[in-house]
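Undergrad: Mind having a look at this structure? Questions to follow.
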Amino acid sequence: MEKDFWKNKTLEAIPPEEWEALCDGCSKCCLYKLTEEGESKVRFTNVVCRFMDMQTCRCTDYLHRHENVPDCIYVTPKLAREANWLPSTCAYRLVANGRDLPWWHPLRTGNPASTLKTGNSVKNKVVSEDDVDLQDLEDMVVDWFN
């Protein structure tokens with residue numbers, strides 16, 4: 001991988017290996033989100049997909065995630081520029097807006113677990129969709145998202 005590639009390339013010019021490396025592994029994009037019809041405000045819950053590994057904050061079947069969960073989001077350059085639900089620290093969103101990665105991002109620290117170790121992930125903050133009644137999502141709204 002090219003050093004500091006995110007500073008020297010547009011999102012569209014980033015090859016797949018570097019694109020995947022941009023993800024810091026926070027898993028905030030895996031949170032269930034609620035919106036009111038006709039409103040742009042997004043409310044975040046502390047509920048994540050059943051395929052989330054709660055210790056690593058990684059998908060347990062990443063290669064097949066879209067088959068397992070058809071509405072699983074694939075972050076694209078367009079989405080990185082437009083999604084109001086990506087966290088302010090999301091590397092895709094930061095790069096899309098011409099900003100640098102945070103000091104704790106794995107590409108800056110060289111440590112793949114730095115997002116978890118610095119508390120910038122959902123680790124120890126979420127529950128699996130298997131453990132809640134999805135009719136109760138309104139009761140699971142959190143305010144710690146960004």
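Undergrad: Listed residues Thr60, Thr76, Thr109; which is of a type in the set (Ser, Thr, Tyr) and modelled with pLDDT of 95 or more?
TA: One residue alone meets the criteria, Thr109.
Undergrad: Does Trp85 fit the bill of being at pLDDT 90 or above and among the aromatic types (Phe, Trp, Tyr)?
TA: no
Undergrad: Of everything in the range 4-27, what is small (Gly, Ala, Ser), buried (at least 19 other Cβ atoms within 10 Å of the Cβ) and assigned to a helix (DSSP H, G or I)? Give them in sequence order.
TA: Selection gives nothing.
Undergrad: Take Val42 and decide whether it is crowded, with 17+ Cβ neighbours inside 10 Å and farther than 20 Å from Ala21 by Cβ.
TA: No; evaluated as a whole, the condition is false for this residue.
Undergrad: What is the one condition in (1) farther than 19 Å from Asn84 by Cα; (2) touching a Cys at 6+ places or on another chain (Cβ under 8 Å); (3) crowded, with 18+ Cβ neighbours inside 10 Å that Cys30 does not satisfy?
TA: Cys30 satisfies every listed condition except (1).
Undergrad: What do you reckon, is Phe44 over 15 Å from Ala83 (Cβ atoms) and either in contact with an Asp or Glu (Cβ under 9 Å, 6 or more places away or on another chain) or modelled with pLDDT under 90 (or both)?
TA: Against the criterion (over 15 Å from Ala83 (Cβ atoms) and either in contact with an Asp or Glu (Cβ under 9 Å, 6 or more places away or on another chain) or modelled with pLDDT under 90 (or both)), Phe44 does not qualify.
Undergrad: Residue check, Glu82 against (1) under 27 Å from Met1 (Cα atoms); (2) more than 15 Å from the chain's Cα centre (by Cα); (3) of a type in the set (Asp, Glu), all met but one. Which one?
TA: Of (1) under 27 Å from Met1 (Cα atoms); (2) more than 15 Å from the chain's Cα centre (by Cα); (3) of a type in the set (Asp, Glu), only one is false for Glu82: (2).
Undergrad: Closer than 23 Å to Asn124 by Cβ, under 14 Å from the mean Cα position of the chain (by Cα) and crowded, with 19+ Cβ neighbours inside 10 Å, is that true of Cys49?
TA: yes
Undergrad: Over 22 Å from Pro16 (Cβ atoms), surrounded by fewer than 17 Cβ atoms within 10 Å (Cβ to Cβ) and of a type in the set (A, V, I, L, M): which single residue out of Val142, Val126 fits that description?
TA: Result: Val142 is the single residue among Val142, Val126 that is over 22 Å from Pro16 (Cβ atoms), surrounded by fewer than 17 Cβ atoms within 10 Å (Cβ to Cβ) and of a type in the set (A, V, I, L, M).
Undergrad: I would also like to ask the following. Can you tell me which residue is surrounded by the most Cβ atoms within 10 Å (Cβ to Cβ) among those in the range 52-80 that are closer than 24 Å to Gly98 by Cα and of a type in the set (Val, Ile, Thr)?
TA: Val75
Undergrad: Now for a different question. Pick from Thr60, Thr56, Thr45: which is over 23 Å from Asp133 (Cα atoms) and of a type in the set (Val, Ile, Thr)?
TA: That would be Thr56, the only listed residue that is over 23 Å from Asp133 (Cα atoms) and of a type in the set (Val, Ile, Thr).
The values are calculated or read from the model by the stated rules, or taken from the named source; none is laboratory data. Model, not experiment: these values are computed from the prediction. Cβ atoms come from the backbone with ideal geometry, glycine included; neighbour counts cover every protein chain shown.
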